[in-house]
Amino acid sequence: MSPRTDRRSLIVTRLRLATGLILFSFVLTHFLNHSLGLISLDVAELGRKLFVVVWRSPPGSVLLYGSLLIHFLLALWSLYRRRSLRMPRWEAAQLVFGLMIPPLLMAHMVGARGAFTVAGTDVSYPLVIYQLWIADPLNGVRQTGLFVVVWIHACIGLHFWLRVKPGYPRFATAAYTAAILIPTLALIGFAEASADVLRLTQQPGWFDAVRTAAHPPGPEDAAFIVAVRDALLDTYWVLLVGTLMARAARYLLVRRRAIAVSYPGGPRIAIHPGASILEASRMAEIPHASVCGGRGRCSTCRTRISQGLDSLPPPNEQEAAVLRRIGAPPNVRLACQTRPTADVAVMPLLPPVNGLREARRQHEFMQGHEREVAVLFADLRAFTRLSEKRLPYDVVFLLNRYFEAMGSAIEAAQGRLDKFIGDGVMAIFGIRRPVDDACSRALVAAAGMAANLARLNANLVEEGMEPLRIGIGIHAGPAIVGEMGYGRATSVTAIGDTVNTASRLEALAKEFGCQLVVSETVARHAGIEFPETARRAAQIRGRAAELAVYAVADAREVALPEVTPD
């Protein structure tokens, strides 16, 4: 995408948002005016006068009708620009409701504003109610339908704009409450005002007085207003049908220049130039997460490009900002903003059921990333023999106390408790930290585990039980870190030679008759000097060369490095 196209896309997005907010302000004040009918007709009329002072003023008129025109034209442009009409239900609802608004609104808008502009007519609130519910009840039903359609369309747009904002969850409940309460109060106020007007019509001469005060347009002016209304309706239908026909013509012109988008497992989708990867997924009914509806406001549609990355247009300003925020690697793009110009192979990174919370939770390392980490393994010694002498309940109770002691030490050192394997423990350090800090924290965790175990053993001895013994192994190096597993068994873990080596070092602790075995790599990164007498040369299965390690009888004896708390 060229810089000029990038800027144009950004301008369109901001214009849609700005004009939408202006129109929402108009609708909101209109609804609040109707709700004043709950108090009295006089208060509702006072509210109407304040309302027209704002929106019939020259600045208010320019903002209102300019926003209405721009928002409508941008909606048609968005409809034309779509390469597929497949979309989520909420997005389809917003589109359908939006297209319903102009024909429902035209008569009311042209009648009220046209009469004021042409003949100086100023229809009071009671007269509006009379015209809608007494003179022409069908028109009142139509306006109530418009009432509901406009509000739903506006609320959908606001919700899917705000939901990607970090602070939205804090006031979402209040927003939902207002979204229900405001139209409800407006409808009730509308109904109450109608009942009041119905009573007023029983007074002789009331209607003639309010009609005369409004200064209604004469026959010629009325005919002119009706002609303008009909012309605007015809223009609307011409523009809408013309947009759909332009889409069809574009399809016929570009169908021979199809681009292939390949997905894992074999699906290969043909799209037309200008279509996004997200649109390709929707055309092929391939589930693809997209919380913001393809507007580039969230990162849930992010996709790994496995082939054809070099041929893709560079990210536009909006996409680049989102990718920087989530720390995405170069081969990850937003599917809604990426429009291939040549064949590509892609893989959506988030499950289609994921929402915004999962999207914010899943950082770069959860997608699968190689980085240097420190890995700690710990295992109970001779626990099988100890468990044979106890009831199953006692074994579970003892293990839970042990796991609590080990897990709290790991968490205190800001390590990630990866898993419990039988009576063993695996922890990862450095997922978000430099490897030097990771190794220091792993050693701090080992010392904490030894200290917690000593306190646990003191209690066990008092209870007449044998003390527990553990072996700990720590190694550092490159590993693949990411979210792995299936279903509910999915978790962030690490795999690779570094993990296997740490596990072997834990087993060597038993062979060396010590509590802790640390690789020289860990000691170097942590800046710790162990006594030369503790140095060993270990032969690790799967490694050709021997590994230099340090065997420590008691992990509490290690001269701990300084670590900075979060």
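The values are calculated or read from the model by the stated rules, or taken from the named source; none is laboratory data. What you see is a predicted model; the values in this text were computed from it and never measured. Methodologically, a virtual Cβ is constructed for each residue, glycine included, from the backbone with ideal geometry; neighbour enumeration extends over all protein chains shown. The accessibility values were calculated without ligands, DNA or RNA, using every heavy atom of the protein model including side chains. Shrake-Rupley method; radii C 1.70, N 1.55, O 1.52, S 1.80 Å.
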How would you order 432-445, 88-101 from highest to lowest mean count of nearby Cβ atoms within 10 Å?
432-445, 88-101
Using the crude model of +1 on Lys and Arg Cβ and -1 on Asp and Glu Cβ, and no other charge, please compute the dipole size for region 107-215 relative to its Cα centre, in debye to 20.
520 debye
Per-residue ellipticity at 222 nm for the chain, helices alone: DSSP H runs ≥ 4 residues times -39500 (n - 2.57), over residue total, nearest 500 deg cm²/dmol?
-19000 deg cm²/dmol
Mind grabbing the base-10 log of I(q)/I(0) for region 464-566 at q = 0.18, 0.21 Å⁻¹? Debye formula, identical points on the C-alpha positions, no solvent, two decimal places.
-0.94, -1.11
Taking only protein heavy atoms and a 1.4 Å probe, what accessible area per residue, in Å², does region 451-566 have with all protein chains in place?
55 Å²
Length gained if Glu370 through Ala507 is fully extended, taking 0.36 nm per residue and subtracting the Cα-Cα distance, is 46.8 nm
Among Pro217, Ser35, Asn139 the positive-end extreme of the charge dipole of the chain (Cβ point charges)
Pro217
Expressed as cubic angstrom per residue, what is the convex hull volume of the alpha carbon set of region 218-257?
31 Å³
So what's the net charge close to Ala119: Lys and Arg +1, Asp and Glu -1, counting the other residues with Cβ under 11 Å from its Cβ?
-3
Efficiency by 1/(1 + (r/R0)^6): what FRET value for Ala172 and Arg325, r their Cβ-Cβ distance, R0 = 25 Å, to the nearest 0.05?
0.75
Short version: ³J(HN,Hα) in whole Hz for each residue of region 268-283, in order, from phi by Karplus 6.51 cos²θ - 1.76 cosθ + 1.60 (θ = phi - 60°), x for Gly and Pro, what are they?
10, 10, 8, 10, 9, x, x, 7, 8, 5, 4, 5, 4, 4, 5, 4
With charges set only on the Cβ (+1 for Lys and Arg, -1 for Asp and Glu), what does the dipole of region 460-566 come to about its Cα centre, in debye to the nearest 20?
480 debye
What's the extension gain from Leu69 to Met100 if we count 0.36 nm per residue and subtract their Cα-Cα distance?
9.7 nm
Read through the labelled values [x] 32.7; [y] 27.0; [z] 37.7 and report the label of the one computed as mean projected area of the Cα convex hull in nm² from the structure.
[z]
Report the one residue of Cys298, Ala413, Met245 whose Cα lies farthest in the direction of the positive end of the charge dipole of the chain (charges on C-beta: Lys and Arg +1, Asp and Glu -1; origin at the Cα centre).
Met245
Give me the orientation-averaged projected area of the Cα convex hull of region 155-221, in nm², one decimal.
8.0 nm²
Would you please give the FRET efficiency between Leu239 and Glu285, computed as 1/(1 + (r/R0)^6) with r the Cβ-Cβ distance and R0 = 51 Å, to the nearest 0.05?
0.95
Give me the percent relative contact order of region 497-558, please, defined on Cα pairs under 8 angstrom at least 6 residues apart.
37 percent
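So with the 1.4 Å probe, I'd like the accessible area per residue for region 187-291, rounded to whole Å².
Per residue, region 187-291 has an accessible area of 58 Å².
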The chain: relative contact order in percent, alpha carbon pairs under 8 Å with at least 6 residues between
11 percent
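Determine, for each peptide in 315-328, 545-558, the mean count of other beta carbons within 10 angstrom over its residues, then list the peptides with the highest first.
Order by mean packing, descending: 545-558, 315-328.
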Rounded to the nearest 10 Å², the accessible area of Ile480 at probe 1.4 Å:
70 Å²
Does a label point 7 Å from the Cα of Glu562, set along Cα-to-beta-carbon, have any residues of region 403-420 with amide nitrogen under 15 Å, and which are they?
none
Percent relative contact order for region 1-160, counting Cα pairs under 8 Å at least six residues apart, stands at 27 percent
Taking N as the residue count of region 428-499, its alpha carbon Rg divided by 2.2 N^0.38 Å gives 1.47
Within the chain, what whole-number % of the accessible surface is contributed by carbon and sulfur, with the 1.4 Å probe and all protein chains included in the calculation?
61 percent
So what's the gap between the Cα centers of region 142-192 and region 515-566, to the nearest angstrom?
62 Å
Those helices of the chain passing the 27 Å axial Cα length cut-off and the mean Kyte-Doolittle cut-off of 0.5 (DSSP H runs only) are 58-81, 89-119, 137-162, 168-200, 219-254, 435-462
In region 417-566, if the dipole is taken from +1 on Lys/Arg beta carbons and -1 on Asp/Glu beta carbons about the Cα centre, which of Gly422, Cys439, Leu456 is farthest to the positive end?
Gly422
Cα centroid distance between region 437-482 and region 52-116, in Å?
65 Å
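When the dipole is taken about the Cα centre of the chain, and only Lys, Arg (+1) and Asp, Glu (-1) are charged at their Cβ, what size is it in debye, to the nearest 20?
Its charge dipole is roughly 1640 debye.
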Under a crude label model (7 Å from the Cα following the beta-carbon direction), how far is Ala93 from Leu17 in nanometres?
2.3 nm
By average C-beta atoms within 10 angstrom, highest first, the peptides 38-50, 415-427, 223-235:
415-427, 38-50, 223-235
Take the alpha-carbon centre of region 204-223, take the same for region 311-354, and report the distance between them in whole Å.
61 Å
Could you give the length gained on full extension between Arg211 and Asp394, defined as 0.36 nm per residue of separation minus the Cα-Cα distance, in nm?
56.9 nm
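Would you rank Trp161, Trp55 by solvent-accessible area, highest first, keeping every protein chain in place and using a 1.4 Å probe?
Trp161, Trp55
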For Val141 paired with Ala270, estimate the spin-label separation in nm (one decimal), with each label point 7 Å from Cα along the Cα-to-Cβ line.
4.8 nm
